[in-house]
Every structure is written in structure tokens, then in C-alpha cells.
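The values are calculated or read from the model by the stated rules, or taken from the named source; none is laboratory data. Here the structure is a predicted model, which is why all the values come from computation and not from measurement. Every residue, glycine as well, gets a Cβ built from its backbone with ideal geometry; the counts of neighbours run over all protein chains shown. Side chains are part of the model used for accessible areas, which takes the heavy atoms of the whole protein and leaves out ligands, DNA and RNA. Shrake-Rupley method; radii C 1.70, N 1.55, O 1.52, S 1.80 Å.
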Amino acid sequence: MSTERRKERIDRPIKAVTDDIFCLSSIREIAYLVIPRMLPVVGLLLLAFLVPPYWRKVMVITFVMGMMALSWDFMASCGLTSLGQALFFALGAYSAGAANHYLGLPIYLSIPLGTLIGAVISTACIYPTLGLRGIYFSVVTLIIPLMLMRVVETTGIFGGTEGITGLSPFPGIIVTIALSMIALWITFFGLRRLIDSDYGHIFVALKDNDRAVEASGLSIRWFKVQAIFIGSGICCFCGAFMTHYYMSIGMSAFAVDLSIFPIAASVVGGMGTLVGPLLGAIILGPLSEALRAFGSFRVVIYAALLGTFIVMLPEGLFPYLARKYQQIERWVEAPGGISED
Amino acid sequence: MLLSVLVYGFINSVILAMVALGFSITFGISRVANFSHGGFYILGGIFTWYGLIKLGMPYFLSAGLSIIIIGALGALMYKVILIRLRGLELSEVIATLSLGIVILELLRGLGVFGYEFRNPVFMDGSVDILGVGVGIQRIIIVCAGALLLILLHFFVHHTKMGLAFRGVAQQEHTALSVGINPDLVSMLSLAMGSVMCALSAVLILPLGVISVDEGYDILIKALAVCIIGGLESTLGVLVAAFIIGYIEVLTSMYISSALTSVVPLACMLGILLVRPSGIFGKSKEIEERV
Amino acid sequence: MEYLKIENLRKTFGGVVAVDNISFEVEQGALLGIIGPNGSGKTTTVNLITGFLTPDSGKVMFKGRDIAGLRASKITNLGIGRTFQMVKPFYRLPAFKNLVVPLFSPRVKRMGGHYGEKDTLALDILEDIGFERDSAVPYKPASILPHGYLKRLEMARVIALQSELIVFDELYSGLTLAEVASISPMIEKLIEAGKTIIMVEHRLKELFKIAHRVMVLDQGKKIAEGSPREIMKQPSVKKAYLGVEL
Ligand SMILES: Nc1ncnc2c1ncn2[C@@H]1O[C@H](COP(=O)(O)OP(=O)(O)OP(=O)(O)O)[C@@H](O)[C@H]1O
Ligand SMILES: [Mg+2]
């Protein structure tokens, strides 16, 4: 009789208690629950204001990318896996840029207006593809921004290849960083609340089985439009925000790296969890800044990371870490070997 | 003017069809959407260029070698990456897309742009067709395209292997139960798609320079054609290629060449509104309506 | 004016004629059974009536209005509910939250009738249909529920929608005798409550006990219609089912 070893995973006693009955009896248990939740909020808050000025810029970009990733993850959990988040970003950016440049609107009007107009145009752009599902939808969303980029390039609208420059800046880096962080947390908690609400269950249902949604008397097209409007609205805000941050807008807003980043962040962090994309963005944002010197190799690294994670750790970092946190793993003897099933 | 529209539209359509067929063959058989298509295309061109210019190989040798290498790359991609993701549509898409981007951006980082990167045409000179002067390279492309289509048709409909391909395309599990190895067939389908991709690169790239953006362009065009025609239908791809091909040429001749890039997009969105599964998409109608 | 009247309904898939000029009527409050061998076009007929497919030609008159070709959600909101042969729950949601989705539909809003918290309402409906309220079952994600419960969940959806015409597509398939015995009375109760029901079924014995009329399809064509007693005697029906002339 051979003895082999197998890995045993047991929930920590505290998790077993806190998962079902919300009754905490000691500081230790409270800390067990609260610390992992407080860590990112407090950590980011401190980081944002304590890091040296150069890294503040990185934080802003990271926060904005975090929002993009959240929006991707939200849309993906509604069954709308877009490969072209850049489309929304660019439409928001161009709307805000145009509002500021051509209409002369001040920044506190052009950003909200850009977000709104961008979201409306994005939804209209995606509307024809709503009859498609899964991969078909992905294919179309991938090519729309790339084609629009060509359109801007060849027709020269909105400054063509030059873009629009000289847009109004933010009042200061502290304002920028505070705004982006607030927006990030609003997006995160807002989406989480939405997904957990009864109304949000309809969006979840859209992915699980859209025919059953239709048989429930709800028009899936209408709910997909809502999901796209919300998802694209977030990205449009990011676009509008970043145009004013960079004080310019160009064709690069349509580029693939903006589509790839949110996917990479979500996949690295863990799709379908909302926390995952955030974690992913916090890892990838500074990383990409550190890699700035490598120019276009930066995108190579994202894409390679993305490919590696999807093959090697498809669940993503967050579920993996959460499991490690909440479970005790140990090797135990398995007398008689491991059974075949 | 009208004649040149006729001739150039035809050539443009054949080019589009060739580019799109590689994608649609793979998808039709194994349901893998190979988003690294654009990457493979440029890689095929660059390998040919490297063999020809840097290593001084004969043209057909370096072209043939690079086609084989790209085919092997496709198979390898299946064997190493995709086989672990079978059935997870989204993951497959992300994996192939990221590989494609890795290839293209790597090439960009290595400095692949400019006039230096240019494959010579097979044969100089031009021929008069319907009174329109057409470069020989373009004629070769059209002939090769036609030949490829005939071969493909013969392969799929009149060989045992083709039968196995169709079997897997229709019902993977049933195919498995009659002794066809779907993994092998899928791998071959990827190799085949990649070979077609590289072949079209070898034929078409001499018309211009090799650049990374061209890779994205090819991917866009291939996808647009496939979507308009219906992702898995060969006939659909042909029809769609001719629709877009002619509209593009018409637009550039009569309206403005700046607007040609709008054509595929407008066509695609328009078609999707009326027929979500494309013109000849095997309409899984239930899926289509909801 | 007939309640539901199908006229010359036809649907082809490529070369296959799945539904070939079928006409029939259903009176309000009746229970019509549709039977036929596999592939005879029963599910396709259901899909055509409920808007999941568009007919090539023909009419679906519901309360005097032609509803053929309307969107499925629209038809559902007009009061025609359906279940699916292949169960289609929302796997990531708990069983009772599966019912919260239909409770958002315009029809439920219009009909009123359901008051109160959506969760409580969903639990009430589930309890009526055989989910034990105090057990953990209604709170489990649909992905881990056994088949019998998923079939009930399908049924619960049309109840939540307060549909007046209900189309069950092979509700009994895959259920044990005991489960069928517990669901049959619920269907009778629906009839008593004034609902009209179309049941597509392979379990003839159970169907014939409750059906008022039965229609037989074979290869897309209607080959017989009548009371269960008449249908059982028809030689053409036996031929269609068994492939031999008796
Ligand atoms: N979406 C579709 N595309 C192509 N053919 C279809 C489609 N749906 C049904 N068919 C074909 O139409 C015919 C009727 O199918 P249908 O599902 O209506 O049969 P059914 O009577 O419900 O059979 P079962 O008892 O097995 O459920 C079959 O030959 C089937 O193959
Ligand atoms: Mg059926």
C-alpha cells in the first residue's frame, strides 16, 4: 500500500463563521474582515499624497486606468466582452476636447458634457452590434476603434493626425489626483452596488442566458443598451479627464493599448470580481510607467502578461490571493494513494 | 474610368478575399478566431524580406520557407496555448489577440518601418486588360487567388481530410466518436489558416511597404469582410470581399480617396443592423433574433 | 373571436421544412397537448408562437391580433409565457433571484397583483411550486440545483409573469414519476385559475390525463387533432410514433 500526499484546503474557522452568520465576537475577527478591505482605500489615499510629485502623475494614470478596467469588467459580466474600450475612451476624449476647443466651454462643463455626449455616441456606435453575442461582439468592437482611427487620419476631422492641443488644464496636481481618486471609488462602489442590486441581477442574467431574459418579458436590447451606456460612460469620463490632463487629444486615443490595458488589468486581477480589475490596474499602472523607457515594448509586455495569465492563472490574482487568505492549505498523507476520481 | 473601376475593383476584391479566407477557414473549422492574423501576415512578409535581402536566398525559397514557418507557428500556437483554453471562447480570443499584439508591437519596437522594408514584385511590367494597364504582380495575385480557391474547394469537398474538417466543424463530439481527432484537425486548421495568411502576405506585400500598421489594417479588413459575409461561410466571404472591394474602389475614384477607410465600417454596421449573422451566415436564427 | 388561432404557419431551416402549414385553434381556458416524434417541429412551433423565431409565412392571431414576428419580450408582455425544453436558468443567481428578473417586466408592473418586496414574492412563488422555504434550496445558486428544481424554476417564471397563455415545452422530460405527479396538479390548478395552456409533451400517459385536446405533428405537418381518446385510437398516430402500420 503506497502512501501519497495530497493537498488539503480548509476554510479558516473565521471565514466559515463570517460567511454565513454576520456575528463577530472579537477584535481579531473584525480585523480579519476589515483589514483587507481598508488596506486599498487607506493605502491609496496615503500613497497618492505622500509619493514624490513625479509618481503622482503615475497615480492619476493608474486611477484612470482602474476605471477603464472596472468598466470592462462590468461590461464583461453583462456578457458584452469588448475588445475596444479605446473607442469609448476616444469618443469621450474627443467630445470633451471639442467642447473645450471649439465651443470654449470651461473644464468643469466640458468634462461632464464630454462624458455624456461620448456615452451617447458610443452607445449609438455599438447599437448595431447588439444582435451579436460572445465572440462576434468582441470581433466587431475590436475593429470599430481601429477603423475610426483610420477615418480620423484620412479625413482629417478634429485635427486629423495632429489632434487638438492647448486645452484647458486642471487647476493643480492635487485637485487632479483627488478628483481621479474620488471618481475611481465612486465607480467601484457604484458598480458593486449596481451588480448586487435586484436591478443589477438583470445584467448578470443577460450573460447567463439572454433568451431567458427575453422570455421574462424584458427586452435584452434595451438592457444591453443600458449596460453599454454605463460602461462606455465610465470610459468616456476617463477619456474626457485625460484629455484635459494632457491638455491635448490625438489619434492615439483610439490605439490598441488603451483597449488592451483594461483587459490585461482585469485578467491579471481576476475577471468578474470588480476588485480584481482594480488590483490589476494598481499593479500594471506603475509597472507600465516603469517601463516607459521601453517605448512600444511596453505594449508587448502588457500583451505578454495578458497571454501568460489567461493561460497559466485564468482566475486572476485576486481570487487566488483571497483563497490563500481564507483557506489553510496543507499536505496530508493520503493512505492507499489518491483515488482515481 | 468605368473600365478601370471594373478591373481595379476586381483586383481589390480578390486581395480582400484572400486575406479574409485565412481567418474564416480557421474559424469555420475549429471555432478559433485567430486574432494574430495581422501579426502572422506581417511576420510572413518580414521573413521573406529577411531571407531575400539579408540572407540572399532565391525569392521563391525564402517565400516558401516563410510560409512554412508561419504555418508551423500557427500549429504551435494551438499546441502550446490554445489547447489549454479550448471551449473558453473569451480566453481564446484574448490569447490570440495578445499574441498578435506581441508580434506586431515587437516588430514596431525593433524598428520595422520605412522604405527599406519592401519585397520586390515577382515580375516587372504591366499588361493591358480592357484598356487598363495592370501590373503583373496584381495579375499573379488574382490567378493565385483563383487557384487557391479551387484547391480549397477540392480539398474540403473531395478529400478524406476535408471530410474530417467538415465533420469537426459541424459536431466536434460526433466527429470524436467516429475516430476523428478534433485536436489534430483544429491544429491543422490553424496551420492552414496561417499558411494562407503568409501566402497572401508574400503575394500582396510587394505592392507596398511592410509596416506594422499594415498588420492592423489587414486584421481589420479580414474581420470586416468575415463579419459582413458571415463568419464561417466561404461563399459569404467571397461575396463580402467583392462588395467591399468594389465600393472601396468606387469611393476612391468618384468621391474621395480619404473616404475609403470609412467604407468597410459603414458597410459592416449597416449589414449588422439588418442581418446580425452576416449575409450568408448560417443563421442560427434563434440566436440571431434575441 | 378565437383566443389563439394559428393559420398556415410555416418555417424552413435551409432545406428542412420544420413546420409545414400548420393551423389550429385554442379556446380560452383549454389545455391543448402537442405531441409528435422527435424532430417533428413541436419546439419550432412553440418558438414561432412565442416570438423566438419569425415564421416564413402564416399568422399567429392572439385575441384578434397578429403577433407573428413580434419580439419575444413583447409577446411575453402580451401575456404568452413559455418554458424551455432545455432549462435556461440564470446560473450565477440564487434560485429566488432568478424570479426577480421576470418581476421587473412591464407585464408584472401592469398587472399589479404582486405586491411587496420582490424577494418575498419570489420566495412565495417558489414555495407554491415546491421549493421548501425554510430549506437552503431557494437560496442556492441555480448552477448547483438538480434538474427537477430547474424545471420547476422554468415553471415559476411563467407564474411570476402572470401569463394568461402558457406554453410548456416538454416540462416533464427528465423528471421522475413522483415529480411529475407533484407537478400535474399544479397545471390543473392553473387551468382552474382560468389560464390557457399548450403542452408539448412526450409523456403521453400523463398528458392524456389532463389534456382537453391533443394535436399530433409529424415531420412538420399536423396529422391529427382531437380529444385524447380519439387520438389514442388513430392509426396514423401510431404509425408516426412507431413507424409501423398497425
Ligand atoms: N435553429 C435551427 N436551425 C436549423 N434547423 C433547425 C433549427 N431548429 C430546429 N431545426 C430542425 O427543425 C426540425 C424540427 O425541430 P424541433 O426542435 O421543432 O423538433 P421537436 O418536435 O421539438 O423535437 P424534440 O421532440 O426532439 O424536441 C428538426 O429537423 C430540426 O433539426
Ligand atoms: Mg422540442
*Taking Cα pairs under 8 Å and at least six residues apart, what relative contact order does chain B come out at, in percent?*
35
*In square angstrom, what is the accessible area per residue of chain A with a 1.4 angstrom probe?*
42
_On a 1.4 Å probe surface of the protein chains, which of B:280, C:90, B:60 comes out largest in accessible area, and what is the full order?_
B:60, B:280, C:90
_Under-5 Å amide H pairs with residue B:279, H placed in peptide plane, nonlocal only_ = B:229, B:230
*Report the accessible area of residue B:267, computed with a 1.4 Å probe over the heavy atoms of all protein chains in place, in Å² rounded to the nearest 10.*
30
*asked:* Suppose all protein chains stay in the model; what accessible area per residue would a 1.4 Å probe give for segment B:2-289, in Å²?
replied: 41
*With each run of n ≥ 4 DSSP H residues scored as -39500 (n - 2.57), what mean residue ellipticity at 222 nm is computed for the protein assembly as shown after dividing by its residue count and rounding to the nearest 500 deg cm²/dmol?*
-20000 deg cm²/dmol
*For the protein assembly as shown, compute Rh as the Kirkwood radius over C-alpha pairs and then the Stokes-Einstein diffusion coefficient at 4 °C and 1.567 mPa s; write the answer in µm²/s, rounded to an integer.*
43
*asked:* Restricting to Cα pairs below 8 Å that are 6+ residues apart, what does the relative contact order work out to for segment C:4-240? Please round to a whole percent.
replied: 28
*Between residue C:224 and residues 5 or more places away or on another chain, which pairs have amide H atoms under 5 Å apart, with H built 1.01 Å from N, and which residues are they?*
C:216
*For chain C, which whole-number percentage of the solvent-accessible area (1.4 Å probe, protein heavy atoms only) is attributable to carbon and sulfur atoms?*
53
*asked:* Nearest 5 percent is fine: what portion of the DSSP beta bridges confined to the protein assembly as shown is antiparallel?
replied: 70
_Candidate aspartates and glutamates for bridging to residue A:57, where Cα separation is under 20 Å - those fewer than 8 sequence places away on the same chain excluded_ = A:257, A:289
_Modelling each spin label as a point 7 Å along the Cα-to-Cβ direction, I'd like the residue C:124/residue B:213 distance in nm, to one decimal._
6.4
*Be a star and scan segment A:37-73 for residues whose amide nitrogen sits under 17 Å from the point 7 Å along the Cα-to-Cβ vector of residue A:173.*
A:45-64
_List A:333, B:232, A:214, C:25, ordered by accessible area with a 1.4 Å probe, largest first_ = A:333, C:25, B:232, A:214
*Check the straight Cα-Cα distances from residue A:224 and name the lysines below 28 Å, setting aside those fewer than 8 residues away within the same chain.*
A:207, B:221, B:282, B:284, C:74, C:88, C:97, C:109, C:118, C:140, C:151
*Measure nothing but the geometry: give the 0 to 90° angle between the long axis through the Cα atoms of A:317-326 and the longest principal axis through the Cα atoms of chain A, rounded to 10°.*
30
*So how do C:186, B:123, B:196 rank on accessible area, 1.4 Å probe, biggest first, that is with the largest at the start?*
B:123, C:186, B:196
*Span from the segment C:133-199 Cα centroid across to the segment C:61-107 one, whole angstrom*: 14
_With a 1.4 Å probe and all protein chains left in place, how much accessible area per residue does chain C have, in Å²?_
43
*Using protein heavy atoms only (no ligands, DNA or RNA), what is the total accessible area buried between C and A, 1.4 Å probe, nearest 100 Å²?*
2000
_Modelling each spin label as a point 7 Å along the Cα-to-Cβ direction, I'd like the residue B:1/residue A:199 distance in nm, to one decimal._
5.7
*Please report, as a whole percent, how much of the solvent-accessible surface of segment B:2-289 comes from carbon and sulfur atoms (probe radius 1.4 Å).*
70
_Please report the accessible area of residue C:212 (heavy atoms, 1.4 Å probe, ligands and nucleic acids excluded) in Å², nearest 10._
90
*So which trypsin sites (Lys or Arg not before Pro) in segment C:184-227 are both in a DSSP loop and have at most 10 other Cβ atoms within 10 Å of their Cβ?*
none
*If you take the Cα atoms of segment A:53-322, find Rg, then find the Kirkwood Rh from the mean of 1/r over all pairs, what is Rg/Rh?*
0.96
_For Cα pairs less than 8 Å apart in space and 6+ apart in sequence, what is the mean separation divided by the residue count of segment A:103-226, i.e. the relative contact order in percent?_
23
*Proximal lysines relative to residue C:238, as straight alpha-carbon distance under 26 Å, when same-chain residues fewer than 8 apart are discounted*: C:11, C:42, C:205, C:209, C:221, C:222
*asked:* What does the buried accessible surface come to for B and A, summed over both chains, with the probe at 1.4 Å? Round to 100 Å².
replied: 4000
*Would you tally the net charge around residue A:276, using a Cβ to Cβ cut-off of less than 14 Å, leaving residue A:276 out, and scoring K and R as +1, D and E as -1?*
0
*Quick one: longest stretch of chain A between exposed loop chymotrypsin sites (Phe, Trp or Tyr not before Pro), exposed meaning at most 10 other C-beta atoms within 10 Å and loop per DSSP?*
A:103-341
*Using modelled amide H (1.01 Å from N, peptide plane; none on Pro or chain starts), what sits under 5 Å from the amide H of residue B:129, excluding residues fewer than 5 places away?*
B:134
*Report the dimensions of segment B:2-289 along its three principal axes from the alpha-carbon atoms, largest first, rounded to Å.*
55, 48, 38
*What FRET efficiency comes out for the pair residue C:13/residue A:328, r = Cβ-Cβ distance, R0 = 51 Å, nearest 0.05?*
0.40
